[in-house]
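A short write-up of the structure that comes next.
The values are calculated or read from the model by the stated rules, or taken from the named source; none is laboratory data. No experiment lies behind these values; they were computed from the predicted model shown. Cβ coordinates were reconstructed from backbone atoms using ideal geometry, including for glycine residues, and neighbour counts include every protein chain displayed.
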């Protein structure tokens, strides 16, 4: 009796697992969204261009003369990494732009990571956790990474024209 109860339980588990595997979770619709239209994608690219301008303006406006506003400015710059991560996460660019998007997305990810690291370094310097020399070295490294990211994004975006 025990063996047959266990056997029935195992069979029921298998049936439930197989039934669950066959479900998509959205009433039969595909889990992968259809590719974006070129217009939708270009809209995202234009937003990204505006975001780059905002980041540069915000970074150039930072002044260490007022520590409170500098810290606030750093956090504003940190939040600006989000749109770059969102653009990089686009999983359904137009098929014709897939390769270009991959390159632009790599640049966006590197740009976001570099912005966040630059913010971390500035805060660490202000908190006395790193020296001025360490901060300068980190800033140079991160500036190089930002330039590399900009090149990747620019190359990717130019392939779309």
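Things to note:
- Flag if residue 118 is surrounded by fewer than 17 Cβ atoms within 10 Å (Cβ to Cβ), assigned to a helix (DSSP H, G or I) and either touching a strand residue (DSSP E or B) at 6+ places or on another chain (Cβ under 6 Å) or at negative phi (or both): no
- When residue 92 is tested against (1) surrounded by 15 or more Cβ atoms within 10 Å (Cβ to Cβ); (2) within 16 Å of the chain's Cα centre (by Cα); (3) outside any helix (DSSP H, G or I), just one condition goes unmet, and that condition is (1).
- Taking residues in the range 116-127 that are under 9 Å from residue 74 (Cβ atoms), and partners anywhere that are at pLDDT below 90 and outside any helix (DSSP H, G or I), the pairs with Cβ atoms closer than 9 Å and at least 6 places apart or on different chains are 122/62; 122/64; 126/64.
- Failed item in (1) at pLDDT below 95; (2) surrounded by fewer than 16 Cβ atoms within 10 Å (Cβ to Cβ), with residue 146 passing the rest: (2)
Residue-wise test of (1) at pLDDT 90 or above; (2) outside any helix (DSSP H, G or I); (3) crowded, with 20+ Cβ neighbours inside 10 Å.
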{"position": "56", "(1), (2), (3)": "no, no, no"}
{"position": "69", "(1), (2), (3)": "no, no, no"}
{"position": "85", "(1), (2), (3)": "yes, no, no"}
{"position": "99", "(1), (2), (3)": "yes, no, no"}
{"position": "114", "(1), (2), (3)": "yes, no, yes"}
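- Only one entry of 40, 75 meets the criterion of being within 21 Å of the chain's Cα centre (by Cα), at pLDDT 90 or above, farther than 30 Å from residue 94 by Cα and not in a loop (DSSP other than H, G, I, E, B), and that entry is 75.
- Condition met for residue 45 (touching a helix residue (DSSP H, G or I) at 6+ places or on another chain (Cβ under 7 Å), farther than 18 Å from residue 144 by Cβ, part of a helix (DSSP H, G or I) and modelled with pLDDT under 90): yes
- Residues located in the range 72-83, provided they are in contact (Cβ under 8 Å) with a residue 24 or more places away in the chain and surrounded by 15 or more Cβ atoms within 10 Å (Cβ to Cβ): 74, 77, 78, 80, 81, 83
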